[in-house]
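Reviewing the structure listed below.
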Amino acid sequence: MAAPVKVALVGCGTVALHNHLPGLALAGARLTALCDSDPAVLERARQQTGVRATYSDYHALLDADCDAVIIATPNHTHAPITLAAIAAGKHVFCEKPLAMNRDEAAHLLQAAEQAGVRHMTAFTYRFVPAMRYAAQLVAEGALGQPYHFRSCRLQDWGSRAVGWRQVAALAGTGELGDMLSHRIDYAHLLVGPIASLAAQLRRYLDRRDGQPADVEDWVALLADFESGASGVLESSKLATGHGEGLRSQDYVEVNGSEGSIIYQLTQPLELLLATREHGLRTLPVPEALRVWPGSPRDPDGDPRSFRYDQLVEFVQAIVEERPCRPSFADGLKVQIVMDTALQATRERRWLEVSYG
């Protein structure tokens, strides 16, 4: 029996531990080292995991006994940590957005490919069973020719502080990178590359809990796809009353010549399908799509545990020596759209999206 993949975690905040520890356990991997620049955070992680090898400097961690690294740190550190891990021959799972701009993201992809390491961007919501089913239906032609893509992510974060995520120098962007990046990935997955776009970003709160905030709270894109479809993408942290996380609105609709599908994160095991013949009806996700291929997760268990399947995919790709899904290439594509959106906002005009 092959030895378990040994994984180190860089960035040990509560969200990282909550999301990634169950995934590693599900994948049969072993957490061997922890790294965080905050001593209190590092100590809490040590107590929770029982891992003895702890580091405050990621350079030292890369000398530890590990095959792969999970990077769950502020966005501005993704590139240097990833490059150091690649140089040390480690496989890399990196939170989104992959980098601070397209040049950084392209460099990460090139470095990982040249080194022959596995690389994955954490577009968690690709692993929602209903999103996987939506992608299959579109690919099979169940909707005919796609006409429209529509996504709306509405949360109510109010005026509370969100740490480094409200600081442009550390995060790059606000709602664009934090939440709309996932929806751009949805668009790529379901409809394909974006040909051109117009965008608007807006900050409503200059301070959160008395702390300066210089990133946007709301973002929207209008898009034309290379396929000929049109798109509308919106995301907000200030949709009063909508709540946060898995309870809040994450809505995607694709309208095609033969039908429409509606995805909602609050219903991860079903879609709504509309056709002229039958109107709107509920479509349960098939049993085969309720967990990621090879995942031992219980398909009848907590449907919110879909997020753990992404580590199963990462570890399987390492063991099988194949590309991860989604990879740094997918992270780069999203970064290119984000950079184009920022430029379109500054210049207040439509811009072509160049993936080359």
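Work out the length of the dipole vector of segment 6-124 about its Cα centre, built from +1 on the beta-carbon of each Lys and Arg and -1 on the beta-carbon of each Asp and Glu, and round it to the nearest 20 debye.
320
Skipping prolines and chain starts, which residues have an amide H placed within reach, meaning under 5 Å, of the one on LEU238, given they are 5 or more residues away or on another chain?
It is GLN155, TRP157, by chain and number.
Once you have the Cα-Cα distance between THR14 and HIS107, take 0.36 nm times their residue separation minus that, and quote the gain in nm to one decimal.
30.5 nm
Consider a paramagnetic label point 7 Å from the Cα of ALA169 along Cα→Cβ; state which residues of segment 93-114 have an amide N under 18 Å from it.
100-101, by backbone N distance to the label point.
What ³J(HN,Hα) values, in whole Hz, does the Karplus curve 6.51 cos²θ - 1.76 cosθ + 1.60 give for segment 186-201 when θ = phi - 60°, with x put for Gly and Pro?
3, 4, 4, 5, 8, 10, x, x, 8, 7, 7, 7, 10, 8, 8, 10
Non-local amide H neighbours of SER327 (under 5 Å, H modeled in plane, Pro and chain starts lacking H): which ones?
THR121
Could you go through segment 122-134 in sequence order and give the Karplus-derived ³J(HN,Hα) for each residue, using 6.51 cos²θ - 1.76 cosθ + 1.60 with θ = phi - 60°, rounded to whole Hz, and x for Gly and Pro?
The phi angles translate into 7, 8, 3, 6, 4, 8, 4, x, 5, 5, 4, 5, 4 Hz.
If I take R0 = 30 Å and measure r between the Cβ atoms of ARG207 and GLU347 in this structure, what FRET efficiency does the formula 1/(1 + (r/R0)^6) give, to the nearest 0.05?
0.60
Exposed loop sites here are chymotrypsin sites (Phe, Trp or Tyr not before Pro) in DSSP loop states with at most 16 other C-beta atoms within 10 Å. What is the longest stretch of the chain lacking them?
Counting at most 16 other Cβ atoms within 10 Å as exposed, the longest clean stretch of the chain is 1-203.
Taking only DSSP H segments of four or more residues, each worth -39500 (n - 2.57), what value at 222 nm results for the chain once the sum is divided by all its residues, to the nearest 500 deg cm²/dmol?
-9500 deg cm²/dmol
Farthest toward the dipole's positive end in the chain, which of THR73, GLY245, PRO286, given Cβ charges of +1 (Lys, Arg) and -1 (Asp, Glu) about the Cα centre?
So the residue furthest toward the plus end is GLY245.
Would you work out if segment 6-124 is rounded, prolate or oblate? Take a ≥ b ≥ c from the square roots of the eigenvalues of the alpha-carbon gyration tensor; rounded if a/c is under 1.5, else prolate when a/b is larger than b/c, oblate otherwise.
Here segment 6-124 falls in the prolate category.
Ordered by residue, what ³J(HN,Hα) values in Hz, to whole numbers, does segment 11-19 give under the Karplus form 6.51 cos²θ - 1.76 cosθ + 1.60, where θ = phi - 60° and Gly and Pro are x?
Per residue, the Karplus-derived 3J(HN,Hα) values read x, 10, x, 4, 5, 4, 5, 4, 7 Hz.
In percent, what relative contact order does segment 6-124 have, based on Cα pairs under 8 Å that are 6 or more apart in sequence?
23
None of the figures in this text is laboratory data; all of them are computed from the coordinates on show. On a predicted model such as this, the values are computed, not experimentally measured, just so you know. Neighbour counts are summed over all protein chains in view; Cβ atoms, including those assigned to glycine, are modelled from backbone coordinates with ideal geometry.
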